[in-house]
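First comes the structure, then the notes that go with it.
No value in this document is a laboratory result; all are computed from the given coordinates. Keep in mind that what you see is a predicted model, and the values were worked out from it rather than measured. Positions of Cβ are backbone-derived with ideal geometry, glycine not excepted, and every protein chain shown enters the neighbour counts.
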């Protein structure tokens, strides 16, 4: 794994929770946390973050993480979607729309080229944002409309949909209009869990 990337465990979260409770019990820490949420401090923190992101080493780490394709969420779905003859295109190898990405062209994560049916994986980060920001669902609807305008259908799957394999399987069968034969869903689910655990 690249440096700075690690998998958090239940033990890690328990330690974080314990430290948070201890910190809140301390009146000095409580005052510091209250001050941290006031506007002047937030402005200082924003400036510090901006300066940090301009550092070449930080920029390089961010670009490295963004350049990793396919992402973990996409890798988990690949064994399942390959059964439906769907190709991975999240590396910008397939574009939907006019011209270049600057002109508003979109890139689906997966595509079934003969039927122009596309699949996008929305990670859990985006999924959690759906509950907190009203504009995110509108962005997804706008994306679906864009694909439809250029003769493509788009199915949005969330990053943890693979955990309910039976429901996901039925969703894909209905979407693509056919069911691959002789598929062991239990073995497929085990393979997806293995990929997720390996990270």
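Neighbour counts of C-beta atoms inside 10 Å place 121, 165, 76 in the sequence 165, 76, 121, starting with the fewest.
With 10 angstrom as the radius, rank 169, 92, 193 by how many other C-beta atoms surround their C-beta, starting from the fewest.
On the way: 169 18, 92 10, 193 14.
Listing 169, 92, 193 from fewest to most nearby Cβ atoms yields 92, 193, 169.
Here the residues 112, 12, ranked from fewest to most Cβ neighbours within 10 Å of their Cβ, fall in the order 12, 112.
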